[in-house]
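Here's the structure, in C-alpha cells; my notes come after.
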Amino acid sequence: MNEPSHPNWTPDPVVTPWDDLLAGVDTPADWATKREKVRERFLALLRMEAAPPRPHDLDVRVHEEWTDAEGFAIRRISYFVEPDERAHAYLAIPAGDAPPGGRPAVLCIHGTTNWGARQTLGLPPSADEPEPGNGRIDGKDFARLLARAGYVTLSPEHFCCATRRPKTARAYDTAEFYARHPNWSACGKSTFENRIALDVLCGLPEVDAGRIGATGHSLGGHNTIFLAAVDDRVRAAFPHCAGLTINQNPAPLHWSRDHWYVYFPQLRPRLLAGERVECDFHEMMALIAPRPLLEVFAINDTDFAAQSQRVGLHVNLAELYRLLDAQANHAFFVFGDGHAMTAQTRALLVSWMDRHLKHAGDKLGPAGG
C-alpha cells in the first residue's frame with residue numbers, strides 16, 4: 001500500500017536574541033574580521049587598558065608541599081601578579097614521571113566561596129579562610145577529580161578572598177580593589193590574574209603547554225569564559241553554571257552593583273538608563289571558537305526564562321562552529337539540578353578534557369598568550 005503524498009515541510013527558522021552574532025558573516029574570513037572588533041569591545045568591557053603590565057619575573061615560591069592520600073603531590077604556591085602583590089594557588093601533580101613532552105593541565109577556577117581554591121581539591125577551609133556553613137565540598141572538588149584522571153591542576157585564589165581577603169570587609173568586597181584601580185574592572189583583574197596563572201602552568205616542566213584547559217563553577221564558570229575568550233592557550237574550556245547573560249537578564253544590575261562584588265562598575269549608569277550592553281556572552285563565547293567549548297548550565301538555575309534563552313545562544317554558536325568546520329568542538333549541556341555540580345556534569349568534565357587534551361584534534365587554531 002502506497003503512502004499518501006504530502007508536502008515537504010520546511011522547519012520554521014529559529015529566531016533568538018543572539019542572531020546578531022553572525023549578521024553579515026557568510027565566510028570564515030568575514031568572521032575573522034568581525035572577531036577582531038568583538039575582541040576589542042570585550043577588552044573595553046573588561047577595561048583592560050587600565051591593567052598594569054604582566055610581571056616578567058613571577059618569582060614562583062612553594063610554601064608547603066605534601067603527598068595527598070590518593071598519591072598526587074599538592075603544593076601551596078604564590079607568585080607575583082603586580083609589583084607589590086602576590087597571588088596564592090594550589091598546584092596538584094599526579095604521581096609518577098611525566099610522559100615525554102609533559103602532562104595535560106587544567107586551570108581550575110573556583111566560585112564565590114572564601115575557601116574555594118582549597119575546595120576544588122577537596123581540602124577543608126584553613127585558618128585563614130573562615131567560611132559560613134559547614135564547609136561542604138558538594139561535588140566542587142573538580143581539581144581533585146582531574147588530578148585523579150592524570151591532569152596537572154592549578155587552583156588560584158580569587159583576588160579578594162582567602163589569604164587576600166580585604167582587611168576591612170567580607171570576602172569578595174571589591175571596594176579596596178577599586179580604591180587602588182578606579183579605572184579597571186573586577187572582571188578585568190580576575191582575567192588578568194588567570195592569564196598569569198596560565199603563565200605559571202606553562203612554565204612547569206611537568207606540563208605540556210600546548211594541552212591546557214580551563215574550567216570553573218559559578219563565578220569560576222564565567223571567569224573560564226572570560227579567560228578563554230582572550231587567551232588562546234586555553235585549548236579546551238568547560239564553564240559550569242556561569243552567571244546569566246547581561247541583556248537577557250531580568251536583573252542586569254547584578255553585573256554592576258553599587259556594593260560588595262562589583263563586576264563592571266562603568267555599566268551601572270547605562271543599565272539604569274535601560275541601555276543594552278554592546279558585548280554579551282554570545283560574543284564572549286564566540287571568541288573561543290574554533291577551540292573546544294562545552295558550556296553546562298541548569299535550566300532551573302536562577303531564572304528559567306533567561307536560561308532558556310541561553311539555548312538559543314548556543315544555536316548561534318553552533319552555526320559559527322559549523323562555519324569554521326569545527327562542529328565537534330562545540331557542545332552545551334542543560335540539566336535540572338539548579339546551581340549544583342553533579343556526578344553527571346563531573347563525568348562530562350573529565351570526558352571533555354580527555355577528548356580534547358589527551359586526544360586533541362587538528363582544528364584548534366594557533367596557541368598564544
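No lab work stands behind these numbers, since they all come straight from the coordinates. Please read all numbers here as calculations on a predicted model, not as lab measurements. Cβ coordinates were reconstructed from backbone atoms using ideal geometry, including for glycine residues, and neighbour counts include every protein chain displayed.
Where both partners of a DSSP beta bridge lie in segment 19-358, what percent of those bridges are antiparallel, to the nearest 5?
Roughly 45 percent of the beta bridges in segment 19-358 run antiparallel, per DSSP.
Once a ≥ b ≥ c are taken as the square roots of the eigenvalues of the Cα gyration tensor of segment 230-277, is the result rounded (a/c under 1.5), prolate (a/b larger than b/c) or oblate (a/b not larger than b/c)?
Values: a/c = 2.16, a/b = 2.04, b/c = 1.06.
Prolate shape, in that a/c is at least 1.5 and a/b is the bigger ratio.
Please find, in a Gaussian network model of the chain (springs between Cα atoms separated by less than 10 Å), the residue of 155, 351, 218 whose mean-square fluctuation is greatest.
351
How big is the C-alpha Rg of segment 157-246 next to the rule-of-thumb value 2.2 N^0.38 Å, as a ratio?
Relative to the rule-of-thumb radius for its length, segment 157-246 sits at 1.16.
Counting only pairs 8 or more places apart or on different chains, how many lysine pairs in segment 19-358 have C-alpha atoms closer than 24 Å?
Going through segment 19-358 pair by pair, I get 4.
Pick from 156, 265, 182: which residue has the top mean-square fluctuation in a GNM of the chain where Cα pairs under 10 Å get a spring?
182
Under 10 Å, Cα contacts only: if you run a Gaussian network model on the chain, which one of 19, 354, 141 comes out with the highest mean-square fluctuation?
Maximum fluctuation in the GNM of the chain, among the listed residues, is at 19.
Evaluate the relative contact order of segment 138-216 (contact order divided by residue number), counting alpha-carbon pairs under 8 angstrom at least 6 apart; express in whole percent. Before the final figure, lay out the partial values.
Details: 39 pairs, mean separation 16.0, N = 79.
Relative contact order of segment 138-216: 20 percent.
Relative contact order of the chain: what whole-number percent is it, with Cα pairs under 8 angstrom and at least 6 residues apart?
Here the relative contact order equals 17 percent.
Enumerate the residues in segment 263-285 having an amide nitrogen under 12 Å from the point lying 7 Å beyond the Cα of residue 20 toward its Cβ.
From segment 263-285, the list is 275-283.
Once phi is turned into ³J(HN,Hα) by the Karplus curve 6.51 cos²θ - 1.76 cosθ + 1.60 with θ = phi - 60°, what whole-Hz value does each residue of segment 261-266 show in order, with x for glycine and proline?
Taking θ as phi minus 60°, the curve returns 8, 9, 5, 10, x, 5 Hz for segment 261-266.
I need to check one value: relative contact order of segment 201-282, counting alpha carbon pairs closer than 8 Å and at least 6 residues apart, in percent. Don't skip to the end; give the middle numbers.
On the way: 100 pairs, mean separation 17.6, N = 82.
That works out to 21 percent.
Remind me, what semi-axes does segment 262-308 give for its equivalent ellipsoid, largest first in whole Å, using sqrt of 5 times each Cα gyration tensor eigenvalue?
After scaling each eigenvalue by five and taking roots: 24, 18, 9 Å.
Loop only per DSSP, at most 14 neighbouring Cβ atoms within 10 Å: give me the GluC sites (Glu not before Pro) in segment 70-168, ordered by residue number.
Listed in order of number, the matching sites are 70.
Would you mind classifying segment 146-305 by shape? Square roots of the alpha carbon gyration tensor eigenvalues, ordered a ≥ b ≥ c; an a/c under 1.5 is rounded, otherwise it is prolate if a/b is larger than b/c and oblate if not.
oblate
Please state the shape class of segment 111-188: rounded when a/c is under 1.5, otherwise prolate if a/b exceeds b/c and oblate if not, all from the C-alpha gyration tensor.
Cα axes put segment 111-188 in the oblate bin.
Given R₀ = 35 Å, what would the calculated FRET efficiency be for residue 334 paired with residue 176, taking r from the Cβ atoms and rounding to 0.05?
On the way: r = 38 Å, r/R0 = 1.07.
Efficiency computed from Cβ-Cβ geometry: 0.40.
Which angle from 0 to 90°, rounded to the nearest 10, does the C-alpha axis of helix 186-202 make with the longest principal axis of the chain?
Helix 186-202 sits at roughly 70 degrees to that axis.
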